[in-house]
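Note sheet for the following structure.
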Amino acid sequence: PVLDATGLLVLPGMIDSHVHFRDPGGTHKEDFLSGTQAALAGGVTTVLDMPNTNPPTDSREHLEEKLAQIAPKAVVDYGLYFGATDTNIEEAADLADRVAAMKLYMGSSTGSLLVTEFPPIYQHFSTFPHQKALVVHAEDEQSLKYFGAQGSKIHNQARPPLSAQIALSRALAIAEKTGRVLHIAHTTTERELELIYEARQKGVRVTCEVTPLHLFLTEEAQQRLGNYGKVNPPLRSSRDREALWRHFDIIDTIGTDHAPHTREEKDQPYEKAPSGMTGVQTMLPLLLNAASEGRLTVEAIVQRCVVNPIRIFALANKGALEIGKDADIVLVNPQEEYEITNESILSKCGWTPFAGTRIKGKVKQVFVRGELSYDDGKILVQPGSGRQVRYR
Ligand code: NCD
Ligand code: ZN
Ligand code: ZN
């Protein structure tokens, strides 16, 4: 059979290494079917799902339960994160082969996972296999409490860049001491990129992620979107946003931090409204559009969304259109233009901060392991067609 891709771009399936699909425990926001359907529609063929579910993925039992619950629902391939707690140091290390990475929250966000004290942080860094990815949410809890307690109703003042810098500096120092690899989730400021760059110069094995939210939106959008623009870490200044683009070579991965919350939840008063926005369906479109404007190359997208995630998370059967690897393929019409709408969002929560954004570059067909799974707006595969990834 011949695949006629005349006029289309042939890309490897995108790997979103940072999603929150809320299964189990938050399935009114998202479940593994709606989340992976949204992924497919966005040209994402592999997702790595975060552990801040309910219960959190923080023990062997919770990991098994989660795997059993999501397997019959997934329509793209998936791997799971294991969540660090104060006490699960040995258990995390024992389960390292079965997960994509460990996630350690140094600052509180959605869910109950949080490790702030030096002993458990240091022990996790030392004990979790040193070559296996350890991903940190780097915001410092003490300073978050302090600035939050100042009563600011402005999210980016309650969670200032200083909080991120403090946590990042701690994580880098402990990674240097232990000699382990470290991946920093959602970096948002120029200073963080500088700290990461300097650490690398000294030989610290640190990689980092940015999200499309922080590449395409600023605190101005937070004013406009209100609670719908509330996210941890917050949207930053346009200076910081421009710095992310200027230092793009320092950024290893783009992950969406897809964190759906219902309108009902977002419409509560500021203090009660949860943080996070959808993203898995709009990442590739936004990046393709940026490519059409000359902001980056398509090769740079593939590097950040396929090649580097495969390396950092040691994904065994995934490749960038390589012989012998899974045939995860996305066909894109680079000329087709359209507008992102809330109605087109397959995520259960049904909204996106990018509603109204004009896009040039449309996902037309998506193949997962050689099977045509998405065709011009239609999902063609049944729940359960997605498989767990394997690790090297
Ligand atoms: C995430 C969520 O809702 O799960 N929220 C967010 O604001 N980013 C959690 C996280 O990644 O910190
Ligand atoms: Zn986070
Ligand atoms: Zn997240």
For this session: Rounded to whole Hz and in sequence order, give me ³J(HN,Hα) for region 242-258 from the Karplus expression 6.51 cos²θ - 1.76 cosθ + 1.60, θ = phi - 60°, writing x for Gly and Pro.
Result: 5, 5, 4, 6, 5, 9, 4, 5, 7, 7, 8, 10, 10, x, 7, 6, 3
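Report, in debye and to the nearest 20, how large the dipole of the chain comes out about its Cα centre when Lys and Arg carry +1 and Asp and Glu carry -1 on their Cβ.
Values: 42 positive and 49 negative charges, 75 e Å.
That gives the chain a dipole magnitude of about 360 debye.
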Exercise. By the scheme Lys and Arg +1, Asp and Glu -1, what is the net charge of all other residues having a beta-carbon under 9 Å from that of Gly370?
Worked result: -2
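Would you kindly calculate the translational diffusion coefficient of region 336-392, applying Stokes-Einstein with the Kirkwood radius from alpha carbon pairs, for 10 °C and a viscosity of 1.306 mPa s, and quote it in µm² s⁻¹ without decimals?
Details: Rh = 13.6 Å.
My calculation gives 117 µm²/s for D.
Show me the GluC sites (Glu not before Pro) within region 77-132 that DSSP assigns to loop and that have at most 12 other Cβ atoms within 10 Å of their Cβ.
Working: sites: Glu90, Glu91, Glu117; in loops: Glu117.
Hits after loop and neighbour filter: Glu117.
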Exercise. Once region 165-297 is represented by equal point scatterers at the alpha-carbon sites, with solvent omitted, what log10 I(q)/I(0) does the Debye formula produce at q = 0.12, 0.21 Å⁻¹?
Worked result: -0.51, -1.24
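Which value, in debye to the nearest 20, describes the size of the charge dipole of region 238-392 about its Cα centre when Lys and Arg Cβ atoms bear +1, Asp and Glu Cβ atoms bear -1, and nothing else is charged? List each step's numbers first, then the result.
Details: 21 positive and 21 negative charges, 80 e Å.
Roughly 380 debye for region 238-392.
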Seminar exercise, completed: Ordered by fewest other Cβ atoms within 10 Å, a rough proxy for footprinting exposure, Thr218, Thr278 read Thr218, Thr278
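Per the helix-only calculation at 222 nm, which mean residue ellipticity applies to the chain, given -39500 (n - 2.57) for every DSSP H run of n ≥ 4 and division by its residues, nearest 500 deg cm²/dmol? Can you show the working numbers first?
On the way: 15 runs with 125 residues, N = 392.
About -8500 deg cm²/dmol.
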Exercise. Per residue and in cubic angstrom, what volume does the convex hull of the Cα atoms of the chain have?
Worked result: 123
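Please arrange His183, His28, His62, His258 by how many other C-beta atoms lie within 10 Å of their C-beta, fewest to most.
Details: His183 25, His28 14, His62 18, His258 32.
Sorted ascending by nearby Cβ count, the order is His28, His62, His183, His258.
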Exercise. Farthest toward the dipole's positive end in the chain, which of Leu193, Leu3, Ala259, given Cβ charges of +1 (Lys, Arg) and -1 (Asp, Glu) about the Cα centre?
Worked result: Leu193
For this session: Please state the charge dipole magnitude for region 29-108, taken about the Cα centre, from unit charges on C-beta atoms (+1 on K and R, -1 on D and E), reported in debye and rounded to the nearest 20.
Result: 340
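With the contact rule set at Cα under 8 Å and sequence spacing of 6 or more, what percent relative contact order holds for the chain? Intermediate values should be presented prior to the final figure.
Values: 894 pairs, mean separation 85.4, N = 392.
Computed value for the chain: 22 percent relative contact order.
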Problem set entry | Most mobile listed residue (Pro269, Pro160, Pro212) in the chain, GNM with C-alpha springs under 10 Å | Pro269
For this session: Please work out the Cα center distance from region 57-95 to region 316-362, rounded to the nearest Å.
Result: 27
Exercise. In a Debye calculation with equal point scatterers on the alpha-carbon sites of region 51-202 and no solvent, what is log10 I(q)/I(0) at q = 0.11, 0.15, 0.18 Å⁻¹?
Worked result: -0.45, -0.81, -1.08
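Work out, in µm²/s and without decimals, the Stokes-Einstein translational diffusion coefficient of region 212-259 at 4 °C, 1.567 mPa s, Rh from Kirkwood over C-alpha pairs.
Numbers: Rh = 11.2 Å.
After rounding, the answer is 115 µm²/s.
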Exercise. So what's the gap between the Cα centers of region 147-161 and region 217-237, to the nearest angstrom?
Worked result: 13
Problem set entry | Low-density loop positions, chymotrypsin sites (Phe, Trp or Tyr not before Pro), region 220-298 - DSSP coil, at most 13 other Cβ in 10 Å | Tyr270
Exercise. Counting other Cβ atoms within 10 Å, which trypsin sites (Lys or Arg not before Pro) in region 64-164 have at most 13 and lie in a DSSP loop?
Worked result: Lys153
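Rule-based calculations on the coordinates, nothing more; no lab input. Worth saying up front: this structure is predicted, and the values here are computed from it rather than measured. Ideal geometry is used to build each Cβ from the backbone, glycine not excepted, and the neighbour counts take in all protein chains shown.
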